[in-house]
Amino acid sequence: MLEKIKQTADFLRAQVADMPKTAIILGTGLGDLVDHIEEKTFIPYKDIPNFPVSTVEGHSGNLIFGVLGGKRVIAMQGRFHYYEGYDMKQVTFPVRVFQALGVDTLFVSNASGGMNKEFVVGDVMVITDHINLFPENPLRGRNYNELGTRFPAMTNAYDKKLIALADTIAEEKGIRLMHGVYVGVTGPTFETPAEYEYYRIIGGDCVGMSTVPEVIVANHAGMRVFGLSVITDLGGKDVTQVPTHEEVQQAAGIAQPKCLEIMKELIRRF
Ligand code: HPA
């Protein structure tokens, strides 16, 4: 694994002169952030040694190097989901490469179903914490001390200063910004009503199929993490609306301008 990470990092270093310290995983809600990145260099995943290739509709696969809010950034256009069949090491491989390149801060976004009754479709939620319900932890197996400690703390998995700054920005811009706990599950099924109720009872505000593996590895790597979740549908025993991929994409479109404003300004100021 260490050799593969090094090989990929060396490949990218050879293409990019000034390496960013900030990486962004452009999940749902942040796709259009690409248009705001200046001086862009696109590197398709298929051209990057050891990189998996993403398969889901609505996600394209490129690594983008450029400038956002005056800072150099690496953006992942398209991520690797566990439900696609990738194993945890593949899902989190890009984060390991970011670590090798010297990235110290990771921004992520995703779509999720809301269980918190105060949420409405199209809301944006700052992820303050998560519950890992994937059947596997990406750090399972041999630990490489070069990459991080065997038993990493997850107490401050999401950086409190970045959360506070996001709140300030949202207030300035008049954006309704919710806080909550993201429950990470494999999917690809959406939840049964009983499952949404269960995830609420155990302390979740929303549930989604990504992010948790990458955030675990980023924490292992000693990075600061900030995450936004777009509430694309609501779930629970009183909810009769059936979630669909199309509905998720549509709700994400509504939330996107809010996510963009917050992320852009956060990256400019942090
Ligand atoms: N459940 C899981 N993942 C999701 C959902 C959901 O309701 N909505 C968007 N991603």
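What the table below lists for this structure:
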read-out	value
Value of Rg to Rh for segment 87-138 (Rh from inverse mean 1/r over Cα pairs, i.e. Kirkwood)	1.05
Karplus-derived HN-Hα couplings along segment 132-146 (A = 6.51, B = -1.76, C = 1.60, θ = phi - 60°), whole Hz, x at Gly and Pro	8, 10, 5, x, 8, 9, x, 8, 4, x, 4, 9, 9, 4, 4
Helix-only mean residue ellipticity at 222 nm for the chain, each DSSP H run of n ≥ 4 adding -39500 (n - 2.57), per residue, nearest 500	-10000 deg cm²/dmol
Contact order normalised by residue count of the chain, Cα under 8 Å, 6+ apart, percent	26 percent
Between 0 and 90°, nearest 10: helix 88-101 axis offset from the chain longest Cα axis	50 degrees
Relative frequency of Cα-Cα separations exceeding 17 Å in segment 22-112, percent	46 percent
The chain: angle of helix 2-13 to the longest principal axis, Cα-based, in degrees nearest 10	80 degrees
Relative contact order (%) - criterion: Cα under 8 Å, at least six apart; region: segment 2-101	35 percent
Charge tally in the Cβ shell below 12 Å around ARG142, where Lys, Arg are +1 and Asp, Glu are -1, ARG142 excluded	+2
Hits among lysines - C-alpha to C-alpha of LYS264 under 27 Å, sequence gap 8 or more where chains match	LYS21, LYS40, LYS71, LYS160, LYS161, LYS173
Cut-off 12 Å between beta-carbons: net charge of the residues surrounding HIS220, Lys and Arg +1, Asp and Glu -1	+1
Spatial separation of Cα centroids for segment 199-270 and segment 1-39, in angstrom	21 Å
C-alpha long axis of helix 160-173 to longest principal axis of the chain, angle in °	60 degrees
Set of lysines near LYS117 by C-alpha distance (under 23 Å), chain-local residues within fewer than 8 positions excluded	LYS237, LYS258
Average projected area [Cα convex hull, segment 147-218], square nanometres	6.8 nm²
Whichever lysines have a C-alpha closer than 21 Å to that of LYS89, once near sequence neighbours (fewer than 8 apart) are set aside	LYS4, LYS6, LYS46
Rg to Rh, two decimals, where segment 75-166 supplies the alpha carbon set and Rh follows Kirkwood	0.96
With eigenvalues of the C-alpha gyration tensor scaled by 5 and rooted, segment 132-270, Å	26, 23, 13
Stokes-Einstein D in µm²/s, Kirkwood radius over Cα pairs - the chain at 37 °C with 0.692 mPa s viscosity	177 µm²/s
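Readers should treat all values here as calculations from the given coordinates under stated rules, not as data from a laboratory. As the structure is a prediction and not an experimental result, all values here were calculated from the model. Cβ sites come from the backbone with ideal geometry, for glycine too, and all protein chains shown count toward neighbours.
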